[in-house]
1. With the structure loaded, tell me whether Leu159 is surrounded by 16 or more Cβ atoms within 10 Å (Cβ to Cβ), without any contact (Cβ under 8 Å) to a residue 60 or more places away in the chain and more than 10 Å from ligand 2 (Cβ to nearest atom) or whether it fails that test.
2. Quick check: is even one residue across region 6-13 more than 24 Å from Glu175 (Cα to Cα) and more than 10 Å from ligand 2 (Cβ to nearest atom)?
3. Which one of the conditions (1) in contact with a Ser or Thr (Cβ under 8 Å, 6 or more places away or on another chain); (2) over 27 Å from Glu82 (Cα atoms); (3) open to solvent by less than 80 Å² (accessible area, probe 1.4 Å) does Asp120 fail to meet, given that it meets all the rest?
4. When region 191-207 is examined, which residues are found to be exposed (fewer than 13 other Cβ atoms within 10 Å of the Cβ) and not hydroxyl-bearing (Ser, Thr, Tyr)?
5. Which one is farthest from ligand 1 (Cβ to nearest atom), of the residues in region 43-71 that are more than 24 Å from Ala122 (Cβ to Cβ) and surrounded by 18 or more Cβ atoms within 10 Å (Cβ to Cβ)?
6. Taking region 118-136 as the search range and keeping residues that are assigned to a loop (DSSP other than H, G, I, E, B) and either away from ligand 2 (no atom under 13 Å from the Cβ) or among the basic types (Lys, Arg) (or both), which one is nearest to Glu208 (Cα to Cα)?
7. Could you say which residue among Tyr115, Tyr139, Tyr177, Tyr188 is open to solvent by less than 60 Å² (accessible area, probe 1.4 Å), free of Cβ contacts under 8 Å to residues at least 40 places away in the same chain and not in a loop (DSSP other than H, G, I, E, B)?
Amino acid sequence: MAPTYIVMLGPPGAGKGTQAKKLAQKLDLVHVSTGDLFRENLKNETELGQLAQQYMNEGELVPDDVTIRMVEERLSRPDCEEGAVLDGFPRTPAQAKALDDLLKKFGSSVKVVPYIKVADEALVERLSGRWMSPSGRVYHEKYNPPTVKWIDDIDGSQLYQREDDKPATVRHRIEVYNEQTAPLIEYYRDKDLLVEIDGTQSIEEVTEDIMKAVEEA
Ligand code: ADP
Ligand code: ADP
């Protein structure tokens, strides 16, 4: 069977990572987050990480050629044979085109694009309360708190706040999203792949709606 690829679309803070993890688990697919991949490279001080660092701290996008190469490499690994839930990629029309070309090579295509809609005003609160675990798990001080403050429920590690979740950078990331990523809404709508999801609901309700969209695709 051709591999299954799902693209999570939505502004920073909409809940893409939270939902992509649940979806990947339910569907037994790999969760591929370009943000996580860049952060891993940063931590390991690779050449790619050094290149990405400045863009990330300023809330700018890492250049397309670098990002596309990283994703091509990731999706070509054996664990992605059945497909993947893509989170944070594509983020530009050039990335979307590159993804289409790559999946064609794999004998597949994007199956469905859940577009998680949340108004700009709510995003700042979501991101400024976001607590990250080094393993990539995502909490929120108010909406998805860990049992013990600042401690990961699963492995007990210390949670942290992302450098780029400070209000000034957050506002810039939302602008970058509106300019460079929002055009993908029409791109996928034209291909009849887009399903709008009300991202202001509870985490569980959003998961339910996304699962329905995937089952009906
Ligand atoms: P969020 O989902 O909270 O907006 P991510 O963790 O997806 O943030 O991304 C963090 C940063 O990593 C982005 O601001 C950008 O600098 C870089 N990045 C992630 N994905 C991409 C991408 N597809 N293209 C370019 N840059 C990216
Ligand atoms: P994205 O990957 O789109 O940037 P995240 O999944 O990291 O978004 O979610 C951003 C923040 O909002 C996190 O702190 C997360 O716990 C919280 N969050 C996610 N979904 C919801 C929701 N439906 N309601 C309230 N808070 C949410």
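The values are calculated or read from the model by the stated rules, or taken from the named source; none is laboratory data. Being a predicted model, the structure only gives us computed values, none of them experimental. Methodologically, a virtual Cβ is constructed for each residue, glycine included, from the backbone with ideal geometry; neighbour enumeration extends over all protein chains shown. The area values use the complete protein model at the heavy-atom level, side chains included, leaving out ligands, DNA and RNA. Shrake-Rupley method; radii C 1.70, N 1.55, O 1.52, S 1.80 Å.
1. Details: surrounded by 16 or more Cβ atoms within 10 Å (Cβ to Cβ): yes; without any contact (Cβ under 8 Å) to a residue 60 or more places away in the chain: yes; more than 10 Å from ligand 2 (Cβ to nearest atom): yes.
Yes.
2. First, pick out the residues of region 6-13 that are more than 24 Å from Glu175 (Cα to Cα): 6.
Still in the list and also more than 10 Å from ligand 2 (Cβ to nearest atom): 6.
Among the residues of region 6-13, at least one is more than 24 Å from Glu175 (Cα to Cα) and more than 10 Å from ligand 2 (Cβ to nearest atom), which makes the answer yes.
3. Asp120 satisfies all of (1) in contact with a Ser or Thr (Cβ under 8 Å, 6 or more places away or on another chain); (2) over 27 Å from Glu82 (Cα atoms); (3) open to solvent by less than 80 Å² (accessible area, probe 1.4 Å) except (1).
4. Applying the first criterion (exposed (fewer than 13 other Cβ atoms within 10 Å of the Cβ)) to region 191-207 yields 192, 198, 202, 204.
Scanning region 191-207 gives Asp192, Asp198, Glu204.
5. Top of the filtered list is Leu48.
6. Of the residues in region 118-136, the ones assigned to a loop (DSSP other than H, G, I, E, B) are 118-119, 129, 133-136.
If we keep only those that are either away from ligand 2 (no atom under 13 Å from the Cβ) or among the basic types (Lys, Arg) (or both) too, we end up with 134-135.
Details: Pro134: 27, Ser135: 25 Å.
Filtering region 118-136 for residues that are assigned to a loop (DSSP other than H, G, I, E, B) and either away from ligand 2 (no atom under 13 Å from the Cβ) or among the basic types (Lys, Arg) (or both), the one nearest to Glu208 (Cα to Cα) comes out as Ser135.
7. Values: Tyr115 fails: free of Cβ contacts under 8 Å to residues at least 40 places away in the same chain; Tyr177 fails: free of Cβ contacts under 8 Å to residues at least 40 places away in the same chain; Tyr188 fails: free of Cβ contacts under 8 Å to residues at least 40 places away in the same chain.
Answer to the selection: Tyr139.
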